[in-house]
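One structure below.
The values are calculated or read from the model by the stated rules, or taken from the named source; none is laboratory data. Computed from a predicted structure; not experimentally measured. Neighbour counts run over all protein chains shown; Cβ positions are idealised from the backbone, glycine included. Heavy atoms of the whole protein, side chains included, go into the accessibility calculation; ligands, DNA and RNA do not. Shrake-Rupley method; radii C 1.70, N 1.55, O 1.52, S 1.80 Å.
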Amino acid sequence: MPVTACQPIFARLTQSIVGKQVPLQLIVATLLAGGHVLLEDVPGVGKTLLARTLADALGGDWKRVQFAPDMLPSDITGVNIFHPGSGEFRFVPGPLFSHVVLADEINRASPRTQASLLEAMEEGRVTVDGHTYALPRPFLVIATQNPIEHQGTFPLPEAQLDRFAVCVSLGYPTPDEEKSLLAREVEGSASASPVFPVIDPATLLSWQAEVRTVHVDETLQHYLVEIAGRTRSHHGIVLGVSPRGCIIWQRVSQALAWLDGRRYVLPDDIKAAALPVLAHRIVLPGHVGTEARKRVLEELFQSVPLPL
């Protein structure tokens, strides 16, 4: 069963992250859907630890890039270097040429550097000095950002946000979870877990292919299109959900069904994927946060009954 197959990934994640079962399931589902993950939360809740642990578990090559305002696009895509001996320029790949890229504090990079990720995230390739280079497959970007501290940051534009399949927040731990964190720290188990992959890139690619075959009933597809359409015509929404967003909503729903051991999507899968996939894709008037966007979407969901 799919759940059993993915159990080593969840086990690896829960060794480092206490609780947070719903966000972890959404993140794994996003990877199975072939999407990219944006972890948006306040400092100190484990965003970078989660991203690093997931990269470790997936195997293959992975790189961590600490984004900063002075970073150039070539720092992540790569650069051509002249070799006097041969009289030729040779391409030196950047950290993007990895199966998993951890883009830490992505909103601290300049818009020019952020834009260098667009082609990579959408098409799995980069273009440097007129030459196009394919990236390894699977290719996953796991980015983190702090939604509270805006000093010295460059907010991600809508085109960049739309490349992320889901935007997930971990939130603060419960009192019991926080006590467990303290106990782990005293016992030394917080850093004692070995770092090793539990799957390989080829396995992940095969799982992604299986997820694409999960059946989605026509009535559920009609619901997805109806909600996406209403976000585009809603008087209180400046920018609605793109066709890419609607496709990703279906893919993440398929992945959730696959994780549950099913070959068909249920309305509950559609509902579980809705807010993480859609909330960061709509734009409201003024500078509003995620919670305001979620409230608008909840109102839309109530106006269109979910097929049973």
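I'd like the residue in the range 211-249 that is of a type in the set (S, T, N, Q) and either within 20 Å of Arg262 (Cα to Cα) or over 20 Å from the mean Cα position of the chain (by Cα) (or both) and, out of all such residues, is modelled with the lowest pLDDT.
Start the filter on the range 211-249 by keeping residues that are of a type in the set (S, T, N, Q), which leaves 213, 219, 221, 231, 233, 242.
Subset that is either within 20 Å of Arg262 (Cα to Cα) or over 20 Å from the mean Cα position of the chain (by Cα) (or both): 213, 219, 221, 231, 233.
Details: Thr213: 95, Thr219: 95, Gln221: 96, Thr231: 94, Ser233: 90.
The selected residue is Ser233.
Looking only at the range 282-308, how many residues end up being open to solvent by less than 10 Å² (accessible area, probe 1.4 Å) and either under 23 Å from Leu24 (Cβ atoms) or modelled with pLDDT under 90 (or both)?
Qualifying residue count, the range 282-308: 1.
Return yes or no: is Ala279 out of contact with any Lys or Arg (no Cβ under 7 Å at 6 or more places or on another chain), among the small types (Gly, Ala, Ser) and not in a strand (DSSP E or B)?
Considered against the rule, which asks whether it is out of contact with any Lys or Arg (no Cβ under 7 Å at 6 or more places or on another chain), among the small types (Gly, Ala, Ser) and not in a strand (DSSP E or B), Ala279 comes out as no.
State which residue is least open to solvent (accessible area, probe 1.4 Å) when the search covers only the range 1-44 and only residues that are among the polar types (S, T, N, Q) and over 16 Å from Thr174 (Cβ atoms).
It comes out as Thr30.
For the range 91-113, indicate whether the set of residues that are modelled with pLDDT under 85 and not small (Gly, Ala, Ser) is non-empty.
No - not one qualifying residue is present in the range 91-113.
Which count do you get for residues in the range 75-87 that are farther than 13 Å from His131 by Cβ and either of a type in the set (S, T, N, Q) or touching a His at 6+ places or on another chain (Cβ under 9 Å) (or both)?
Qualifying residue count, the range 75-87: 1.
For Thr113, indicate whether it is polar (S, T, N, Q), out of contact with any strand residue (DSSP E or B) (no Cβ under 8 Å at 6 or more places or on another chain) and either open to solvent by 10 Å² or more (accessible area, probe 1.4 Å) or in contact (Cβ under 8 Å) with a residue 12 or more places away in the chain (or both).
When the stated conditions are applied, Thr113 passes them.
Just checking, which of Phe196, Phe164, Phe154 is of a type in the set (A, V, I, L, M, F, W, C), out of contact with any helix residue (DSSP H, G or I) (no Cβ under 6 Å at 6 or more places or on another chain) and under 28 Å from Thr290 (Cβ atoms)?
Unique residue meeting the criteria: Phe164.
Can you say whether Val126 is open to solvent by less than 20 Å² (accessible area, probe 1.4 Å), under 28 Å from Pro197 (Cβ atoms), in contact with an Asp or Glu (Cβ under 8 Å, 6 or more places away or on another chain) and assigned to a strand (DSSP E or B), as far as the supplied structure shows?
Numbers: open to solvent by less than 20 Å² (accessible area, probe 1.4 Å): yes; under 28 Å from Pro197 (Cβ atoms): yes; in contact with an Asp or Glu (Cβ under 8 Å, 6 or more places away or on another chain): yes; assigned to a strand (DSSP E or B): yes.
For Val126, the condition - open to solvent by less than 20 Å² (accessible area, probe 1.4 Å), under 28 Å from Pro197 (Cβ atoms), in contact with an Asp or Glu (Cβ under 8 Å, 6 or more places away or on another chain) and assigned to a strand (DSSP E or B) - is met.
If you scan the range 233-272, which residues turn out to be farther than 15 Å from Val214 by Cα, open to solvent by less than 60 Å² (accessible area, probe 1.4 Å) and of a type in the set (A, V, I, L, M)?
If the condition is that a residue be farther than 15 Å from Val214 by Cα, open to solvent by less than 60 Å² (accessible area, probe 1.4 Å) and of a type in the set (A, V, I, L, M), then Ile237, Val241, Ala272 are the ones that fit.
Hey, any hits in the range 53-65 for a residue that's buried (at least 23 other Cβ atoms within 10 Å of the Cβ), in contact (Cβ under 8 Å) with a residue 60 or more places away in the chain and closer than 30 Å to Gly152 by Cα?
Yes; the residues of the range 53-65 include at least one that is buried (at least 23 other Cβ atoms within 10 Å of the Cβ), in contact (Cβ under 8 Å) with a residue 60 or more places away in the chain and closer than 30 Å to Gly152 by Cα.
Within the range 160-182, how many residues are open to solvent by 30 Å² or more (accessible area, probe 1.4 Å), over 15 Å from the mean Cα position of the chain (by Cα) and not basic (Lys, Arg)?
Residues flagged as open to solvent by 30 Å² or more (accessible area, probe 1.4 Å), over 15 Å from the mean Cα position of the chain (by Cα) and not basic (Lys, Arg) within the range 160-182 amount to 10.
From the set of residues in the range 129-157 that are open to solvent by 80 Å² or more (accessible area, probe 1.4 Å) and not in a strand (DSSP E or B), which is modelled with the highest pLDDT?
The selected residue is Arg137.
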